[in-house]
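Enquirer: Have a look at this one before I ask anything.
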Amino acid sequence: MRRLRAAAGPARENRGAGSQRCPGRRTQRRGRAVGDGLLAQLRPPRLASALNTSSSAAGSLAAMEPGPPGGSRPAEPGRRLSGAPLATSASSRSAARAEPGRLSLAVAAVLPAGGSGERMGVPTPKQFCPILDRPLISYTLQALERVCWIKDIVVVVTRENMEAMRSIIRKYQHKHISLVEAGVTRHRSIFNGLNALAQDQPDCKLCKPEVVIIHDAVRPFVEEDVLLKVVIAAKAHGAAGAIRPLVSTVISPSADGCLDHSLERARYRASEMPQAFLFDVIYKAYQQCSDYDLEFGTECLHLALKYCDTKAKLVEGSPDLWKVTYKRDLYTAESIIKERISQELCVVMDTKEEKEPISYLLEALRNELNHVKVTCGALGYAGRDTQHILEQCYSFACVNFMTSDFHKTKKLLSMLEESDLSILYPVVVVSDEQKLQETLTQGAIIIAALIRERSLGFVGQLLVA
Ligand SMILES: Nc1ccn([C@@H]2O[C@H](COP(=O)(O)OP(=O)(O)OP(=O)(O)O)[C@@H](O)[C@H]2O)c(=O)n1
Ligand SMILES: O=P(O)(O)OC[C@@H](O)[C@@H](O)[C@@H](O)CO
């Protein structure tokens, strides 16, 4: 377990002593966000890793429901690359196995998270603003932690936010994180993060990587494939960065506030993140960087070009790479997360037979949840079945046919509680066979609404359909 230690120091003189890095395999969090769906969470919910998805094989549930080969899996924010991603050094902690001839690189990431979020217009710096009650930065950390070939993640936060960051790391069990003190500008913060990685000293547990990813902590929807693309491109070109088409046209105002000229939009792109660099390239650029650039610059790729004559390779990124900047971006991010974790509903019954009412219910649900895959299964006595259930879905609907003592429902709830999975706003809808049949459509409508809304207000509620 890595011990966290903040490295203090102003940008230029930063001593950047990193933190403890423990060698050994990067354990992939296999946690699944277990959505609320319809389970009674009788205790306050622990929050889900809404973007963290395991790539587990199908469980027994899939056997009961025709589905895609390899079983059903909730829609994942980012496609897990089928090929073995970059493996790091021989002592790699990565689970990845380098494909023959595949580059083997030591890769680390620097996440600037030392801003104040003025444009967000709220007291809390936006990287700590909650989405579904979980700090935004935790989603970004989770997205990077899912990538097993990133050896170290250096998070750059202000001194006053160090303790808050440490508690987030503890609460959400983030691994392999080093904390470094931020600078007064984004470039200075990034420079501090690079300094921590450059301290390739025997007592420093951070190793200097061959390639370093720089990614704003407020861009939570980063996927493994774009990370891999920029890293491979950086290895070949020295620098690489994700870009997106411009949505608005860029214009140049004249001194009197009128239009001077406009740029031909099709010829330009928006520079997004992640970006990646040969460590020596970007570190040298920051070391030679002028104070003006450190103070007012906003583009790392520009520094590589200006100070190291390195032309970054530009990589088309997905629409979700955008930076959370304004309040509306938080609402957008929450909607994206809700949509992604609501892609699948697991209907768990206390019987193995697929009795007639359940088929009616499944049909009604499929009508209500037309973009959600409904998987149906019985709550196995052996924990094995339940483990598969837990790994399959974000949302559950428990339907009791055989008994009304909810013994099995409680058993599943206990397992969810005891597992290392988090639960996100679970809710219970109680129906028995007779009522369910009469109010089938109503039951399906309630289930659909609860899955989509995932409101904290529904936690622990008992809705009787
Ligand atoms: N001194 C700074 C300023 C910004 N950042 C980080 O750089 C990323 C992108 O910067 P930006 O969106 O500008 O964040 P803020 O500076 O916080 O936003 P604002 O300009 O609205 O205050 C954010 O993760 C932010 O925390 C940083 O590490 N150190
Ligand atoms: O910190 P600001 O939001 O002002 O700017 C940051 C952005 O410029 C930056 O994240 C991308 O342009 C990629 O470099």
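The values are calculated or read from the model by the stated rules, or taken from the named source; none is laboratory data. Quick caveat, the model's predicted, so the values are computed rather than measured. Cβ atoms come from the backbone with ideal geometry, glycine included; neighbour counts cover every protein chain shown. Calculation scope for accessible area: heavy atoms of the full protein, side chains included, ligands and nucleic acids excluded. Shrake-Rupley method; radii C 1.70, N 1.55, O 1.52, S 1.80 Å.
Enquirer: Considering amide H positions built from the backbone, and no H for Pro or chain starts, which residues 5 or more places from Glu272, or on another chain, come under 5 Å of its amide H?
Expert: Amide H to amide H, under 5 Å and 5 or more residues apart or across chains, Glu272 pairs with Ala242, Ile243, Arg244.
Enquirer: Also, quick follow-up: Of His237, His174, His371, His407, which has the most accessible area with a 1.4 Å probe, and how do the rest follow in descending order? The partial results should precede the final answer.
Expert: Numbers: His237 90, His174 5, His371 145, His407 115 Å².
So the residues, ranked largest to smallest area, are His371, His407, His237, His174.
Enquirer: Cys398's amide H: which non-local residues (gap 5+, or another chain) put their own amide H closer than 5 Å, with H modeled 1.01 Å from N in plane and none for Pro or chain starts?
Expert: Leu38, Val348, Val429
Enquirer: Top to bottom by accessible area (1.4 Å), largest first, where do Leu246, Leu305, Leu362 land?
Expert: The most accessible residue leads, giving Leu305, Leu246, Leu362.
Enquirer: Pop out the ³J(HN,Hα) list for the range 153-166 in order, Karplus 6.51 cos²θ - 1.76 cosθ + 1.60 with θ = phi - 60°, rounded to Hz; leave Gly and Pro as x.
Expert: 10, 9, 9, 9, 10, 6, 4, 6, 9, 4, 5, 4, 5, 4
Enquirer: Could I ask something else about it? Just to check I understand the Karplus step: with θ = phi - 60° and J = 6.51 cos²θ - 1.76 cosθ + 1.60, what whole-Hz values come out for the range 254-265, glycine and proline as x?
Expert: So the J values, rounded to whole Hz, are 8, 4, 8, x, 10, 5, 8, 7, 10, 8, 6, 4.
Enquirer: Further, regarding this structure: Past the 18 Å Cα-Cα mark, which pairs from Lys229/Lys311; Lys284/Lys323; Lys151/Lys175; Lys126/Lys323; Lys229/Lys313; Lys126/Lys327?
Expert: Over 18 Å Cα-Cα: Lys284/Lys323.
Enquirer: Under the Karplus relation 6.51 cos²θ - 1.76 cosθ + 1.60, θ = phi - 60°, what is the ordered set of whole-Hz ³J(HN,Hα) values for the range 319-326, x standing for Gly and Pro?
Expert: In residue order, the calculated couplings are x, 7, 7, 5, 9, 5, 10, 9 Hz.
Enquirer: Can you pull the percent of the range 295-374's accessible area that's carbon plus sulfur, 1.4 Å probe, other chains left in place?
Expert: 51 percent
Enquirer: Can you give the alpha-carbon Rg of the range 211-282 over 2.2 N^0.38 Å, where N counts its residues?
Expert: That works out to 1.42 for the range 211-282.
Enquirer: Roughly how many nanometres apart are two label points built 7 Å out from the Cα toward the Cβ at Glu453 and Leu305?
Expert: It works out to 5.0 nm between the two label points.
Enquirer: Here's something else I'd like to know. Amide H of Gly238 versus every other amide H placed in the peptide plane: which residues, excluding those fewer than 5 positions away on the same chain, fall under 5 Å?
Expert: The list, which skips near neighbours in sequence, is Leu278.
Enquirer: Sorted by mean Cβ packing within 10 Å, highest first, what order do the peptides 287-296, 338-347, 122-131 take?
Expert: Ranked from most to least packed, the peptides come out as 338-347, 122-131, 287-296.
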